[in-house]
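Below: one structure, written as structure tokens.
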Amino acid sequence: MEFYTLENKNGLKLKLTNFGGIVSEIHVPDRDGKFADIALGFDSIEEYQDHNDAYFGAIIGRFGNRIGGCGFSVDGAEVSGLFDNDEGNHLHGGKVGFDKVAWTAERISGEGYTGVKLSYRSVDGEEGYPGNLDATVVYKLTDANEWVIEYEAVSDKATVYNPTNHSYFNLAGHDGASPLSHEVQLNAKLFTACDAGGIPTGEVLSVAGTDMDFRAAKTIGSAVDSADPVVSSRGGFDHNFVIDKKPGELGLAAVAYDAASGRELKVYTTEPGVQFYSGNFLDGSLTGKGGHVYEKRSGFCLETQHFPDSPNHGHFPMTTLRPGEVFCSKTVHVFGVR
Ligand code: GLA
């Protein structure tokens, strides 16, 4: 297991490891050119192997977020008994998901970027999922200050696939002031309603007139303690927002901005959804880089993905991957300042 550091012509740096495809550091400048590492994480690969319960920086697979009741069917084949790691439900790929496996890494470069291509074969039946799945994830750091993620996969049996990256951001710096003061804007007028366990009910609801409305930028802190049961039942934001764009098109999902530093993060994706998670389960029990203790809500995630539990909701965009098809997905993080 190794670390790889990418650096662009402007001095931005992204550090990752082939263990879990984890992005462990992202160094970006503020409006005065001062760099900070805005990704929550650990210093060593051993710590990631031992206790990355929060999924800091990791690739999530085979299925990002939850599968209700630990089962589903795909093209008539029943899949049951997926690992229950979330009170009767299956979360983030199971016991040994893609966040905990060794990927094969290869450095790549091209016009205006350097990167690493990660490859992993998940064998038929691994974590209960059908099909040998050959997955690649390419991370690129471009001279346009973008962190690009390109996911591809093929399977030899009908299966489901829904990868994401679980980076936690704090634009003030991973050890800086609380990101609850960050402004967040989500390009979403709808979200998928869920039960208290985070499993979609199947309803797709409007954000209008509720604290779920991030169409205009507002601080996370202004709404995270909302009395609205939609928010409070999840302990803050931990919801799948339906991105306003055409299926498959690379479109804007989210903008986060830290007025104090001027750092801005824009997230574009080809995925239909983004799980906005305000770090509600962080509780001070994880000590990260440089001995910094990650308190509740000290980082937030913008997990671009298909909707949670899609295999059990026929009207959600489909996550089925069949033999002969190539799964392709792209997410672009653009780091800027105001
Ligand atoms: C996702 C989930 C959360 C939580 C985190 C990891 O964001 O939606 O409920 O499981 O991952 O702690």
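The values are calculated or read from the model by the stated rules, or taken from the named source; none is laboratory data. In this text, all values refer to a predicted model and were calculated from it rather than measured experimentally. Glycine gets a Cβ as well: all are built from the backbone with ideal geometry, and neighbour counts include every protein chain shown. To get the accessible areas, we keep the full protein, side chains included, count just its heavy atoms, and leave off ligands, DNA and RNA. Shrake-Rupley method; radii C 1.70, N 1.55, O 1.52, S 1.80 Å.
Applying a threshold of 8 Å to beta carbon distances and a minimum spacing of six or more residues, or different chains, the list of pairs starting in region 217-236 at a residue that is on the phi > 0 side of the Ramachandran plot and ending at one that is buried (at least 16 other Cβ atoms within 10 Å of the Cβ) and of a type in the set (D, E, K, R) reads G236/R297.
Please find, within region 1-42, the residue that is surrounded by the fewest Cβ atoms within 10 Å (Cβ to Cβ) out of those that are in contact with a strand residue (DSSP E or B) (Cβ under 8 Å, 6 or more places away or on another chain) and among the acidic types (D, E).
That would be E2.
Report yes if some residue within region 293-315 is over 17 Å from S178 (Cα atoms), within 12 Å of the chain's Cα centre (by Cα) and polar (S, T, N, Q); otherwise report no. Yes. Among the conditions (1) in contact with an Asp or Glu (Cβ under 7 Å, 6 or more places away or on another chain); (2) more than 16 Å from the ligand (Cβ to nearest atom), the only one that G33 does not satisfy is (1).
Within region 283-337, the set of residues being free of Cβ contacts under 8 Å to residues at least 40 places away in the same chain and among the polar types (S, T, N, Q) comprises S285, T287. Inside region 91-112, can you point out the residues that are more than 16 Å from the ligand (Cβ to nearest atom) and buried (at least 18 other Cβ atoms within 10 Å of the Cβ)? Listed by number, the residues that qualify are V101, W103, A105.
Taking region 259-283 as the range and being more than 10 Å from the ligand (Cβ to nearest atom), in contact with an Asp or Glu (Cβ under 9 Å, 6 or more places away or on another chain), open to solvent by 10 Å² or more (accessible area, probe 1.4 Å) and closer than 25 Å to V230 by Cα as the test, only D283 passes.
Filtering region 237-252 to residues that are open to solvent by 40 Å² or more (accessible area, probe 1.4 Å) and assigned to a strand (DSSP E or B) leaves only L252. Scanning region 44-90 for residues that are without any contact (Cβ under 8 Å) to a residue 60 or more places away in the chain and within 13 Å of the ligand (Cβ to nearest atom), which turns out surrounded by the fewest Cβ atoms within 10 Å (Cβ to Cβ)? Applying the filter and picking the extreme gives N85.
Looking only at residues in region 211-236 that are of a type in the set (S, T, Y) and either in contact with a helix residue (DSSP H, G or I) (Cβ under 7 Å, 6 or more places away or on another chain) or within 16 Å of the ligand (Cβ to nearest atom) (or both), the one that is least open to solvent (accessible area, probe 1.4 Å) is S226. The criterion of at least 1 residues that are out of contact with any Phe, Trp or Tyr (no Cβ under 9 Å at 6 or more places or on another chain) is met by the following strands (runs of 3 or more DSSP E) wholly inside region 137-225: 190-194, 200-206.
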